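Visitor: This is the structure, below, for whatever I ask next.
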Amino acid sequence: MISGREETRRPAETVAGLMAAGALFIGALELVYRQLRLAPAALILALVATVMSRDQQRLIALAIAVIGICFIVGATLQILTHHPLY
């Protein structure tokens with residue numbers, strides 16, 4: 001306790017951060033696996049984390065951006081290589 005003020009974080013904030021990190025990982029995984037299966041799960045996970053937390057909004061915004069970008073890039077790669085999207 002250096003500053004004399006102890007900062008406590010609610011458990012919901014910690015769980016929301018873990019959920020946002022999981023959504024970020026699933027969003028990046030979309031590049032190599034089927035997008036139409038992973039994108040909705042990652043997006044729902046990120047949206048639930050958004051509702052749970054006020055402090056983790058930057059991480060959640062990053063996760064949503066990565067989900068969107070990886071969806072578009074992954075779908076483009078799958079179409080160009082003639083692989084199924086779902």
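Visitor: What angle do you read, to the nearest 10 degrees and between 0 and 90, between the alpha-carbon axis of helix 35-52 and the longest principal axis of the chain?
Guide: 20 degrees
Visitor: What is the magnitude of the charge dipole of the chain about its Cα centre, with +1 placed on the Cβ of each Lys and Arg, -1 on the Cβ of each Asp and Glu, and no other charges, expressed in debye to the nearest 20?
Guide: On the way: 7 positive and 5 negative charges, 18 e Å.
Its charge dipole is roughly 80 debye.
Visitor: Please list 3J(HN,Hα) in residue order for the range 74-86, calculated via the Karplus relation 6.51 cos²θ - 1.76 cosθ + 1.60 where θ = phi - 60°; whole Hz, with x for glycine and proline.
Guide: Along the range 74-86, the couplings run x, 5, 5, 5, 5, 5, 5, 9, 6, 9, x, 7, 10 Hz.
Visitor: Turning to a different aspect of this structure: With every protein chain present, what is the per residue accessible area of the chain (1.4 Å probe, Å²)? It would help to have the intermediate numbers written out before the result.
Guide: Details: 5990 Å² over 86 residues.
Accessible area per residue, the chain: 70 Å².
Visitor: Quick check: residue separation of A41 and L85 times 0.36 nm, minus the Cα distance between them. What number comes out in nm?
Guide: Working: separation 44, 0.36 × 44 = 15.84 nm, distance 1.52 nm.
Contour length minus Cα-Cα distance gives 14.3 nm.
Visitor: To one decimal place, what orientation-averaged projected area in nm² is obtained for the convex hull of the Cα set of the range 14-86? Could you put the intermediate results ahead of the total?
Guide: Working: hull surface 15.8 nm².
Averaging across all directions leaves 4.0 nm² for the Cα convex hull.
Visitor: Sticking with the crude label model, points 7 Å out along Cα→Cβ, report the distance from V73 to E7 in nm, one decimal please.
Guide: Modelled inter-label distance: 3.1 nm.
Visitor: Length gain on complete extension for the stretch A61 to F25, per 0.36 nm per residue less the alpha carbon to alpha carbon distance? Could the numbers behind the result be given before it?
Guide: Details: separation 36, 0.36 × 36 = 12.96 nm, distance 1.36 nm.
Length difference between fully extended and current span is 11.6 nm.
Visitor: If you don't mind, another one. So what J values fall out for the range 56-72 if you push phi through Karplus, 6.51 cos²θ - 1.76 cosθ + 1.60 with θ = phi - 60°, rounded to Hz, Gly and Pro as x?
Guide: Once rounded to whole Hz, the list reads 9, 5, 5, 5, 5, 5, 4, 4, 5, 5, 5, 4, x, 5, 5, 5, 5.
The values are calculated or read from the model by the stated rules, or taken from the named source; none is laboratory data. No experiment lies behind these values; they were computed from the predicted model shown. Virtual Cβ from ideal backbone geometry, glycine too; neighbours counted across all protein chains shown. With ligands, DNA and RNA removed, areas are computed over all heavy atoms of the protein, side chains included. Shrake-Rupley method; radii C 1.70, N 1.55, O 1.52, S 1.80 Å.
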